[in-house]
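Just so you know, all these numbers are worked out from the coordinates, no wet-lab data involved. The structure displayed is predicted, hence computed values, not measured ones. When we count neighbours, we look across all protein chains shown, and the Cβ atoms used for this are built from the backbone with ideal geometry, even at glycine.
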Amino acid sequence: MAGFVERHVINVLLGQSVDDRWRTLRFKAPIYAWRLGMRHLLPQVFACITTRGRKTGMPRYTMVEHFVYGNRIYIASGFRDEPDWVQNLLDDPTVTLQPAHGEPIKGRAERVQGEDDLQQAYQAMRVSPIWVPWLMSLDIKPKVEDFIAKRERVYLFTIQVGGAQPIAPGRELPALEDDLRWVSRSAMLGMTLGLALRWRQVRRKHQA
């Protein structure tokens, strides 16, 4: 399942869907998997970030790839400044990041612009299978010099682990919960009961 989800999210990040509604559905698939209690099936590079809606003030959840390098975490936009989560962070940098295989991290996101920070981010993110296609989609050559020279095209954010500025009480954002876990459990229970009934029918047939 992880490979299926990752392949489709790659298509979404690079805008290769022919139908916006289908693209939206595919993009939200990991979110639903998370809520169903199956986040452990997602690739380790996946993380769910919570931002504050700039219009509503409500928590907004988005699945992204995250990369750890030293004491920093990096996340990047596949569509420059177009996604809502990017606009939300530019309006309010408060963020909660929860890796698919880790604990939530609460802090503030900062757009990476300095040359040293960009070099470090380049080293951290080049391990991604979509790194080169992502750079090409921004008309950036897969060279650190070109990456730095065209930094205005890159909406890359960092979250410093353990070093974020304190967040005011009541301003922290919640992590995404597996509030639909009961659905997957109910489905498993239904399958188990169905198999049990089928086995009972077969047994009676052979005994007749």
Next item on the list: For every other residue with a beta carbon closer than 9 angstrom to the beta carbon of Arg153, add +1 if it is Lys or Arg and -1 if Asp or Glu, then tell me the sum.
Entry: +1
Check: Tell me, what ³J(HN,Hα) does each residue in region 72-80 have, in order and in whole Hz, if you take phi through Karplus 6.51 cos²θ - 1.76 cosθ + 1.60 with θ = phi - 60° and put x for Gly and Pro?
Finding: 10, 10, 10, 9, 9, 8, x, 10, 6
Next item on the list: Name the aspartates and glutamates eligible as straight-distance cross-link partners of Lys150: C-alpha to C-alpha under 13 Å, and not fewer than 8 places from it in the same chain.
Entry: Glu115, Asp139
Next item on the list: Using Cα positions and a limit of under 25 Å, work out the lysines in reach of Lys106, with same-chain residues fewer than 8 apart set aside.
Entry: Lys28, Lys55
